[in-house]
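Before any comments, here is the structure.
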Amino acid sequence: TAPLDYNILSPDGKVNKGTACDQISPIIASDGISTSHNLVVVWEDWRSGSCQDPDIYLNWATDEAATWQAVDTRVNDDVSTWPNWYQNYPAVAVSPQGDVAVVWQDKRNGDYDIYFQQYRFVGGVLTAMGGNQRFLLADPTKQGFDQERPDIGVDKDGIFYLAWQDKR
């Protein structure tokens, strides 16, 4: 008998367009119950800075992954240089309403903080809603400690939930 395909609709395909250096830690999310079939993939990408500067990239599809965008989108908007250039461990969630949240750990301020970027599917196009935002802790005296390895989820009403590892 043929092996199970677990409802995979097409054969394996390449999502990212980068060819230099490593692209690691991919995460995929769909809008779940909607009929628009929006998919977003995020990953840690080392194509910048002679393969020594990890950034967060994404790509997206609106047709059940039949067609991915021709160009990857860089998510983080910093211009940090060594030793504060690390952006890694991305996560993504897509709401049924077409809102997208990407989160990652980011060292642009000297210690790891959680950053997020909001997007929205508008007319079948993924559009950034402002720039990167730093998730600030309620206690400002704890800002010098690392917050790492975020994860994000969304419910059917479009409310996002964020969790992370904290070294306070």
Of the residues 154, 71, 92, which single one is within 16 Å of the chain's Cα centre (by Cα), surrounded by 14 or more Cβ atoms within 10 Å (Cβ to Cβ) and under 17 Å from residue 15 (Cβ atoms)? 92
Across the stretch 17-44, what is the number of residues that are under 23 Å from residue 99 (Cβ atoms) and either open to solvent by 80 Å² or more (accessible area, probe 1.4 Å) or in contact with an Asp or Glu (Cβ under 6 Å, 6 or more places away or on another chain) (or both)? 7
Just to be sure before I move on: is residue 113 under 30 Å from residue 50 (Cβ atoms), free of Cβ contacts under 8 Å to residues at least 60 places away in the same chain and touching a Gly at 6+ places or on another chain (Cβ under 6 Å) in the structure I sent? no
So which of 120, 149 ends up being charged (D, E, K, R), open to solvent by 30 Å² or more (accessible area, probe 1.4 Å) and without any contact (Cβ under 8 Å) to a residue 40 or more places away in the chain? 120
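Mind checking which residues of the stretch 123-135 are surrounded by 12 or more Cβ atoms within 10 Å (Cβ to Cβ), among the hydrophobic types (A, V, I, L, M, F, W, C) and either at pLDDT below 95 or over 19 Å from residue 27 (Cβ atoms) (or both)?
Taking the stretch 123-135 first, the residues surrounded by 12 or more Cβ atoms within 10 Å (Cβ to Cβ) are 126-129, 132-135.
With among the hydrophobic types (A, V, I, L, M, F, W, C) added as a condition, the list becomes 126, 128-129, 135.
129, 135, listed by residue number.
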Could you list, in sequence order, all residues of the stretch 14-47 that are without any contact (Cβ under 8 Å) to a residue 24 or more places away in the chain and either of a type in the set (Gly, Ala, Ser) or within 22 Å of residue 115 (Cα to Cα) (or both)? 24, 26
Out of (1) assigned to a loop (DSSP other than H, G, I, E, B); (2) open to solvent by less than 80 Å² (accessible area, probe 1.4 Å); (3) closer than 21 Å to residue 30 by Cα; (4) touching a Pro at 6+ places or on another chain (Cβ under 9 Å), the odd one out for residue 104 is which? (1)
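Taking into account only those residues within the stretch 143-165 that are in a loop (DSSP other than H, G, I, E, B), over 15 Å from residue 116 (Cα atoms) and not basic (Lys, Arg), which is modelled with the lowest pLDDT?
Applying the first criterion (in a loop (DSSP other than H, G, I, E, B)) to the stretch 143-165 yields 143-146, 155-159.
Within this subset, residues satisfying the condition of being over 15 Å from residue 116 (Cα atoms) are 143-146, 155-158.
Cutting the leftovers down to not basic (Lys, Arg) gives us 143-146, 155, 157-158.
Values: 143: 71, 144: 79, 145: 85, 146: 91, 155: 94, 157: 94, 158: 94.
Within the stretch 143-165, the match that is modelled with the lowest pLDDT is 143.
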Which one is farthest from residue 31 (Cα to Cα), of the residues in the stretch 152-168 that are touching a residue at least 12 places away in the same chain (Cβ under 8 Å) and among the aromatic types (Phe, Trp, Tyr)? 164
Out of (1) surrounded by fewer than 16 Cβ atoms within 10 Å (Cβ to Cβ); (2) in contact (Cβ under 8 Å) with a residue 60 or more places away in the chain, what's the single condition that is false for residue 142? (2)
Residue pairs within 7 Å by beta carbon, gap of at least six or interchain, first lying in the stretch 54-80 and in contact (Cβ under 8 Å) with a residue 60 or more places away in the chain, second surrounded by fewer than 17 Cβ atoms within 10 Å (Cβ to Cβ), listed first then second, are 60/69; 62/36; 62/37; 62/124
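The values are calculated or read from the model by the stated rules, or taken from the named source; none is laboratory data. Everything quoted here is computed from the prediction, not taken from an experiment. FYI the Cβ positions are ideal-geometry reconstructions off the backbone, even for glycines, and counts take in every protein chain you see. The accessibility values were calculated without ligands, DNA or RNA, using every heavy atom of the protein model including side chains. Shrake-Rupley method; radii C 1.70, N 1.55, O 1.52, S 1.80 Å.
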